[in-house]
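What follows is one structure encoded as structure tokens, with my remarks underneath.
The values are calculated or read from the model by the stated rules, or taken from the named source; none is laboratory data. Fair warning: this is a prediction, and the values are worked out from it, not measured in the lab. Positions of Cβ are generated from backbone atoms using ideal geometry, with glycine treated the same way; all protein chains shown enter the neighbour counts.
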Amino acid sequence: MLKDVREVGRDLGTTVEVRDIFFNTPARRKFLRSTETELRHITQVVTELALAHPGVAFSLSHGARKLMVLPRRGGLSERMEDIFGKERMAKVLPVSLKERGIEVEGAVGLPELARRSGVPQHILVNGRPISHRNLSHAVYLGYGELLPKEASPFFVLSLRIDPRAVDVNVHPTKREVRFSDERKVFDAVVRAVRAALQTEALAPHLEYPEVHPRAGEIKEALEKYISKAQQLPLSLELPRHGEAEEGRPVPLWQAHNKYIFAQVKNGIIIVDQHAAHERVLYEEALRNLSGERPRSQHLLFPAVLTLSPVEMRFLEESAPLLEALGFVIRVLGKDVVAVDAVPAGVGPRWKDGELFSEIVGELAEGGTGAGLKEKLAAVYSCRAAIKAGEPLSPKQMQQLIDQLFATEQPFVCPHGRPTLIRVPLEDLDRQFGRR
């Protein structure tokens, strides 16, 4: 309700003040989440509006804190740099396409920016932030084979189209739209993304043998099978602390840099190296988050990372938990942090800070609240665990097996997948016609 409308002197611009927002609908107040969660949602809304209107200055404050200060800019690329930082924008490609009454501009990230979750993705239509599954799919289709499996790319795309060809009254929130010719818009987005990515440096590099690949695979497989099979002992109990009966070491064999085979009494076990390491790291993370002193490894050179406003809000709220895991973090600016130390054992999976960005990015989507410790432990263990495709030395395999069987729940990973399976000897005999 508007009351007491009058003329006043002021600077150029508009001020909207809202008070007692639940005065007429008090029942809706109970649906509010924590202050931090609601603030993160507000930050996301302001971010989208700022991208949609780069010519307008935006400032977001919470109490005495200035969360976002975005000056007027001449275009979308400058506004994206303000929000996402120079470091990230150095790894994006500009998008520009005009065809058949449709204009597409913005940026798409290089494949190396893609992550499994927590990646900024924004689509604007005629200055309106929207959610549109088909247009998001068009972006993924534009990447084709350049995008890593199960990875989400960074993109900000602004579409200009005849307003008469867009229906914005599909949903009360106006976040969903319908196009009169959706196929034409879909194709335009695909072509725009492909055109941006069509550089020689991004072409996928295949390393497959050119002559008789099947013959080589069969020969190599037979040689490995025979040599390894001859090393397996005839009878062995479930591996316990890396030794079999009479103190003999347990022979282990890594298949396809993904699975670890070991002989046990009356059969074999096959261990998923990623799921097994996930379980080990998950329980270690939970102990650290519950008060056990973490083991940290200081970096020779701090990793300086640029975060989005939403990620920065999450970091400010959850810094004590991240430090309990073993990270040592310093805030350098409104969207820049330095990581001085990481949990011991992260090793090659640190990737110059990519691991930290993935963890913060994924968790920032879900926000804080109940179960955050378990979520943090699960996300950290998944990102920091040994990956499928990583070759392991016999010593590393044995260490992983030892650590797995020292956990409280060695048979499932934090997501509920099995860490190992057992193949009984009688099943093998049956497969070879011995029974």
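Restricting attention to segment 304-311, does a residue exist that is assigned by the TED database to the domain that holds Lys373, surrounded by fewer than 18 Cβ atoms within 10 Å (Cβ to Cβ) and over 30 Å from Thr35 (Cα atoms)? Break it down stepwise before answering.
In the first step, residues of segment 304-311 are kept if they are assigned by the TED database to the domain that holds Lys373; the result is 304-311.
Now narrow it down to the ones that are surrounded by fewer than 18 Cβ atoms within 10 Å (Cβ to Cβ): 304.
Keeping just the survivors that are over 30 Å from Thr35 (Cα atoms) gives none.
No; the residues of segment 304-311 include none that is assigned by the TED database to the domain that holds Lys373, surrounded by fewer than 18 Cβ atoms within 10 Å (Cβ to Cβ) and over 30 Å from Thr35 (Cα atoms).
Yes/no per residue for (1) modelled with pLDDT of 95 or more; (2) assigned by the TED database to the domain that holds Ser393; (3) crowded, with 18+ Cβ neighbours inside 10 Å:
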site: Glu217; (1), (2), (3): no, no, no
site: Lys224; (1), (2), (3): no, no, no
site: Pro239; (1), (2), (3): no, no, yes
site: Gly242; (1), (2), (3): no, no, no
site: Ile260; (1), (2), (3): yes, yes, yes
site: Val264; (1), (2), (3): no, yes, yes
site: Glu283; (1), (2), (3): no, yes, yes
site: Leu289; (1), (2), (3): no, yes, yes
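Among (1) surrounded by 14 or more Cβ atoms within 10 Å (Cβ to Cβ); (2) in contact with a helix residue (DSSP H, G or I) (Cβ under 7 Å, 6 or more places away or on another chain); (3) touching a residue at least 24 places away in the same chain (Cβ under 8 Å); (4) not β-branched (Val, Ile, Thr), which single condition is Arg73 missing?
(3)
Given (1) outside any helix (DSSP H, G or I); (2) at pLDDT 90 or above; (3) surrounded by 14 or more Cβ atoms within 10 Å (Cβ to Cβ); (4) not hydroxyl-bearing (Ser, Thr, Tyr), where does Leu321 come up short, assuming only one miss?
Every listed condition holds for Leu321 apart from (1).
Anything in segment 152-179 that is in a loop (DSSP other than H, G, I, E, B) and of a type in the set (S, T, N, Q)? List them, or say none. Walk me through how you get there before you give the answer.
Step one: of segment 152-179, the residues in a loop (DSSP other than H, G, I, E, B) are 153-154, 162, 168-177.
Passing the criteria: Asn169, Thr173.
Pairs only if they're at least six apart or on different chains, beta carbon under 8 angstrom, first in segment 41-63 and within 18 Å of Met312 (Cβ to Cβ), second part of a loop (DSSP other than H, G, I, E, B) and polar (S, T, N, Q); list them, first residue then second.
Correct list of pairs: Thr47/Ser308.
Do you know which residues across segment 112-136 are farther than 18 Å from Glu362 by Cβ and in contact (Cβ under 8 Å) with a residue 12 or more places away in the chain?
Step one: of segment 112-136, the residues farther than 18 Å from Glu362 by Cβ are 123-135.
Residues satisfying the conditions are Ile123, Leu124, Val125, Asn126, Gly127, Arg128, Pro129, Ile130, Ser131, His132, Asn134, Leu135.
Can you find a residue in segment 142-151 that is part of a loop (DSSP other than H, G, I, E, B) and touching a Phe, Trp or Tyr at 6+ places or on another chain (Cβ under 8 Å)? Talk me through it step by step, then tell me what you get.
At the first step, the residues of segment 142-151 found to be part of a loop (DSSP other than H, G, I, E, B) are 147-151.
Applying the additional criterion that residues be touching a Phe, Trp or Tyr at 6+ places or on another chain (Cβ under 8 Å) yields 147.
Looking for residues that are part of a loop (DSSP other than H, G, I, E, B) and touching a Phe, Trp or Tyr at 6+ places or on another chain (Cβ under 8 Å), one finds at least one in segment 142-151, hence yes.
Of the numbered conditions (1) in contact (Cβ under 8 Å) with a residue 60 or more places away in the chain; (2) surrounded by 13 or more Cβ atoms within 10 Å (Cβ to Cβ), Arg79 fails exactly one; give the number of that condition.
(1)
Quick one: count up the residues across segment 388-400 that are loosely packed, with under 14 Cβ neighbours inside 10 Å and in a loop (DSSP other than H, G, I, E, B).
Residues meeting the conditions: 4.
Taking the stated definitions as given, is Gly106 farther than 22 Å from Thr306 by Cβ, free of Cβ contacts under 8 Å to residues at least 60 places away in the same chain and surrounded by 14 or more Cβ atoms within 10 Å (Cβ to Cβ)? Step through it out loud before you land on a result.
On the way: farther than 22 Å from Thr306 by Cβ: no; free of Cβ contacts under 8 Å to residues at least 60 places away in the same chain: yes; surrounded by 14 or more Cβ atoms within 10 Å (Cβ to Cβ): yes.
Judged against the criteria, Gly106 is not a match.
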